[in-house]
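A quick write-up on the structure given underneath.
The values are calculated or read from the model by the stated rules, or taken from the named source; none is laboratory data. Keep in mind that what you see is a predicted model, and the values were worked out from it rather than measured. Reconstructed Cβ throughout: ideal geometry from the backbone, glycine too, with neighbour counts over all protein chains shown. For the accessible areas, the whole protein counts, side chains as well, though only heavy atoms, and no ligand, DNA or RNA atoms are used. Shrake-Rupley method; radii C 1.70, N 1.55, O 1.52, S 1.80 Å.
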Amino acid sequence: MYKRQINYGVRNLTGKGVKIGVWDAGKATKHIDFGHRLTQVQGTSDHYHACHVSGILVGRGLRNPKGIGMAPDALLYSYDYGGTVTSEVQYAITNYGLVISSNSYGGSPTCTGDPYSATSRSQDLLVNTNPQLIFAFSSGNSQSSCSGGFNTLTGKTSKNTFTVGAVSDKDGSTNYSSYGPTKDMRIKPEIVSVGSSVMSTYLDNQYSLNTGTSMACPGVAGVSAQLIQAYRQANSNTNPKTSLIKAIMCNTARDLGNAGPDYKFGFGRINALRAVKAIEDTRYVVDNVTTGATKDKTITIPSGTTILKVMVCWNDPVSYTHLRA
C-alpha cells in the first residue's frame, strides 16, 4: 500500500496552492476526493486509470483514509494524452500556472536502448523554456519484454524530465518496472517509488488497488508538490528550479540495488522526509558558472558526519541526435 512520507500534521505540506496537470487515458472523472479542485480540461469519457493516478496525486481519502494522496490540497488539471502533450503543457503553464506534469503512459521497448527522439527533444525544449516545470513520466511496465529487463524504457529518454520506476512497499524490485539505459547510456529511471498494490481513487466514488509504474510516477509528482510548497514557504513564495528539485530528490534518495546509481533503481527510492529537510536546512546552492570559469563553495560538515554526498544538476541543452540517420 502506498504511504505518504511527510507528516502533514507536523509540516502541513499538502501541496496547497500547487497546480498539477495529469495526462492519462481519459477523464479523471468526478470523485468525492477531488471536489472542486479538479478542472477537467480535456477528455471524452471517464477512465479508471486516470482516476486512480489522479487520486495518488490529490486524493483526500474522504471515504477511505488509506486512499489519501500525496498532495491532497493541490489543484489538478486533467487531460487525456491524445493530443500534443508538450503544447498542452505549455498552454497550462501559461494560462493556469501549472508547475507539475504527471504522465503515466508510454510505447513499446526497443530492447536495444531507446534513442533520443524528436519527442524527447520537444520535452527538453519545454523544460528549458520553463525551468521550473517538473515533468514526470512512468518508466513503463515492459521489464519482461527484453533479456534481463534492460533497455525496456518505453520512450522516456528526455534529459530534463523525471523518469520514475517502481518498487514494492518493502523497497524490493518488481517483475514489471522498465529498466534503462537510454541508447546513449544515460541513467533512466532517475528515481523509483512504490508502484505495487497502491490504494487510490476509482470510478463511482470507490477506491481500488492498482500496480505499475503508472502508480509510482504520480507518487513522485505528488512529493514534488510538497517540496515546492516547502521551498515557497522558505523563499518568499517563489518556485524552485527543476534542476534543484531533481538534485534534492536524487541526492536524498535511499540507494537500492548496486551501490550508487544504476539502470534499475536510478539514484534510489524517493525519501520525501530527507528531501524536505534538505530544503528546510538550506543544504543547497543555486548558482551559475560561465565556460572556462571556476567557483568555490564552502560546505560546513557537522561533527560526527560519516558520509557526505554532493550532487551537481542542471537542465541540459537539447540534443539533435534524432536528425542524424
request  = With the checklist (1) open to solvent by less than 30 Å² (accessible area, probe 1.4 Å); (2) farther than 12 Å from residue 22 by Cβ; (3) of a type outside the set (Phe, Trp, Tyr); (4) at pLDDT 95 or above in hand, flag the one item residue 136 doesn't pass.
outcome  = (2)
query = What pairs come up if the first residue lies in segment 250-272 and is closer than 17 Å to residue 225 by Cβ, the second is in a loop (DSSP other than H, G, I, E, B) and open to solvent by 20 Å² or more (accessible area, probe 1.4 Å), and their beta carbons are under 8 Å apart, counting only those six or more places apart or on different chains?
reply = 252/271; 270/5; 271/5; 272/4; 272/5
key: segment 71-108 - residue that is over 18 Å from the mean Cα position of the chain (by Cα) and β-branched (Val, Ile, Thr) and, of those, least open to solvent (accessible area, probe 1.4 Å)   = 84
query = Of all the residues that make up segment 141-163, how many are under 24 Å from residue 313 (Cβ atoms), open to solvent by 10 Å² or more (accessible area, probe 1.4 Å) and either in contact with a Cys (Cβ under 8 Å, 6 or more places away or on another chain) or of a type in the set (Gly, Ala, Ser) (or both)?
reply = 1
query = Any idea which of (1) touching a strand residue (DSSP E or B) at 6+ places or on another chain (Cβ under 8 Å); (2) outside any helix (DSSP H, G or I); (3) at pLDDT 95 or above is the one residue 55 doesn't satisfy?
reply = (2)
inquiry  = Please go through (1) out of contact with any Ser or Thr (no Cβ under 6 Å at 6 or more places or on another chain); (2) farther than 28 Å from residue 61 by Cβ; (3) not aromatic (Phe, Trp, Tyr) for residue 109 and return the number of the only condition it doesn't satisfy.
reply    = (1)
remark   = Within segment 141-198, the count of residues that are within 16 Å of residue 111 (Cα to Cα) and hydrophobic (A, V, I, L, M, F, W, C) comes to 5
message = Tell me yes or no: at least one residue of segment 307-324 is open to solvent by 70 Å² or more (accessible area, probe 1.4 Å), under 30 Å from residue 112 (Cβ atoms) and in a helix (DSSP H, G or I).
response = yes
remark   = Restricting attention to segment 19-61, the residues that are open to solvent by 10 Å² or more (accessible area, probe 1.4 Å) and more than 18 Å from residue 198 (Cβ to Cβ) number exactly 16
ask   = Can you name the number of the only condition in (1) crowded, with 17+ Cβ neighbours inside 10 Å; (2) outside any strand (DSSP E or B); (3) more than 12 Å from the chain's Cα centre (by Cα); (4) of a type outside the set (Gly, Ala, Ser) that residue 207 fails?
value = (2)
